[in-house]
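Quick one: structure below, then a few questions.
The values are calculated or read from the model by the stated rules, or taken from the named source; none is laboratory data. This structure is a prediction, so every number in the text was calculated from the model and none was measured. The accessibility values were calculated without ligands, DNA or RNA, using every heavy atom of the protein model including side chains. Shrake-Rupley method; radii C 1.70, N 1.55, O 1.52, S 1.80 Å.
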Amino acid sequence: MMLNALLGVMLGRFGSVWRLLVFVPIVAAEVGYGLCVYNLSAGACLRRGTALLICGQLAFLLGALLRPIANQR
């Protein structure tokens with residue numbers, strides 16, 4: 001989850017909203033890792049994937065709030 005939060009803040013601060021698509025393969029890899037290593041059920045994978053996406057999106061919004069205001073003196 002920390003990877004998604006850090007990536008979300010960085011993308012929100014320096015990137016555009018279209019770069020949120022970066023989260024999809026990252027979340028898929030993390031869920032796949034959890035499935036193979038921890039033998040998670042389908043419901044657990046769905047909950048984990050949803051939590052990871054929400055964490056990344058909220059971090060993106062926080063990063064967007066950290067942007068400097070244009071034309072401010």
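Can you work out ³J(HN,Hα) from phi for every residue in the range 34-50, in order, using Karplus 6.51 cos²θ - 1.76 cosθ + 1.60 and θ = phi - 60°, giving whole Hz and x for Gly and Pro?
x, 5, 6, 7, 9, 6, 6, 7, 5, x, 5, 5, 5, 5, 5, x, 5
Still on this structure, please answer the following. Taking the Cα atoms only, what angle lies between the long axis of helix 2-14 and the longest principal axis of the chain, rounded to 10 degrees?
It is inclined by approximately 30 degrees.
Would you calculate a helix-derived [θ] at 222 nm for the chain, using -39,500 (n - 2.57) for each DSSP H run of n ≥ 4 and dividing by the full residue count, to the nearest 500?
-24500 deg cm²/dmol
For a quick check: with amide H placed at 1.01 Å from N, whose amide H comes under 5 Å from L40's, ignoring anything fewer than 5 positions away on the same chain?
For L40, whose amide H was placed from the backbone, the distant partners under 5 Å are L35.
Output ³J(HN,Hα) for the range 23-29: one whole-Hz value per residue in order, computed from phi by the Karplus curve 6.51 cos²θ - 1.76 cosθ + 1.60 with θ = phi - 60°, and x for Gly and Pro.
5, 4, x, 5, 5, 4, 5
For the range 1-38 and the range 54-71, compute the distance between their C-alpha centroids and round to whole Å.
Using only Cα atoms to place each centre, the spacing works out to 15 Å.
While we're here: Take the solvent-accessible surface of the protein heavy atoms, probe 1.4 Å, and return the percent of it on the range 26-68 that carbon and sulfur atoms account for.
Here it works out to 72 percent.
Please report Rg over Rh for the chain, where both radii come from the alpha carbon positions and Rh follows the Kirkwood definition.
Expressed as Rg/Rh, it is 1.12.
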